[in-house]
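First comes the structure, then the notes that go with it.
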Amino acid sequence: MLRTTIEQVTQISFLPRLFPINVYLVEESDGITLIDAGMSFSQKGILQAAADIGKPIKRIVLTHAHGDHVGALDGLMKELPNASVCISRRDALLLKGNAELQPGEPQTPIRGDIPKNITTVPDVLLEDGDSIGSLKAIATPGHTPGHMAFLDERSGILIAGDAWQTRGGLAVSGVMKPWFPFPAMATWNKEQALESAGMLTALKPAVLAVGHGRMLRNPADAMQQAVAEAESTLRRNAR
């Protein structure tokens with residue numbers, strides 16, 4: 001387990017050298033907002049890191065409902081019964097194991113590890129633009145239909161979930177990186193993922209924090225290049 005702190009955001013990376021799975025502790029005046037819940041084995045490390053900070057976990061916010069982002073959710077809620085759980089209204093369906101597509105969505109199968117046994121019921125169903133403490137929720141469909149990113153408006157740190165990856169090279173969700181292909185393999189709709197990535201790039205975040213890979217400072221130029229690469233890849237594959 002590896003911890004990295006920038007401003008009020010601490011990245012906890014489990015299996016950092018093999019298959020990095022990241023969660024984030026965001027410090028607020030009243031406690032901590034945990035972004036994502038990793039795998040079941042992440043529970044102990046998350047609770048220990050929060051204890052080291054010295055603040056209680058008040059909220060658990062999920063970028064999306066893939067298994068490597070919600071695996072410790074039920075276990076954490078047994079330890080944190082007063083914490084509230086937040087997820088997008090759309091991915092709340094995935095959290096229940098419902099992978100059916102909704103009317104108006106691109107009819108491409110939802111990929112990745114859809115949880116089947118999560119019992120936690122979310123307290124808050126997020127919409128684009130909602131605020132959770134210092135975080136602004138941003139709808140970023142593509143990796144999953146209801147994927148969300150979260151911008152810390154104090155520092156400009158963008159916690160982007162799997163809308164981006166830095167492990168194996170900076171890439172938009174859906175762009176295959178041979179050294180770490182798994183986010184691409186689990187991406188639902190590459191066109192929407194590219195649109196979401198372009199929108200996040202326009203925010204010019206101070207730091208890009210992702211579900212898999214290290215945090216990246218001053219990422220705007222590299223994000224623009226990665227968006228251009230994704231556009232080129234989509235055009236090439238469409239021929």
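What follows draws every value from the coordinates through simple rules; no lab data is involved. All values reported here derive from a predicted model rather than from experimental measurement. Positions of Cβ are backbone-derived with ideal geometry, glycine not excepted, and every protein chain shown enters the neighbour counts.
Test of understanding: what is the full-extension gain from residue 82 to residue 179, defined as 0.36 nm times their sequence separation minus their Cα-Cα distance?
Numbers: separation 97, 0.36 × 97 = 34.92 nm, distance 4.00 nm.
Between residue 82 and residue 179, full extension yields an extra 30.9 nm.
If we count every other residue with Cβ under 10 angstrom of residue 37's Cβ, Lys/Arg +1 and Asp/Glu -1, where does the sum land?
Numbers: positive: none; negative: 36, 68, 74.
Summing Lys and Arg as +1 and Asp and Glu as -1 gives -3.
Order 97-107, 181-191 from most to least packed using the mean count of other Cβ atoms within 10 Å.
Final packing ranking: 181-191, 97-107.
State, in angstrom, two size descriptors of the range 140-239 derived from its alpha carbons: Rg to one decimal place and Dmax to the nearest whole number.
That works out to 12.2, 44 Å for Rg and Dmax.
Which order do the peptides 210-218, 29-37 come out in when sorted by mean C-beta neighbours inside 10 angstrom, highest first?
29-37, 210-218
For the chain, state what percent of all Cα-Cα pairs lands in each successive 10 Å bin, counting from 0 Å until the bin that includes the largest distance.
Values per bin, smallest distances first: 8, 36, 39, 15, 2, 0.
List the residues of the range 72-87 whose backbone N lies under 14 Å from a point placed 7 Å from the Cα of residue 121 along the Cα-to-Cβ direction.
Answer for this model: 85.
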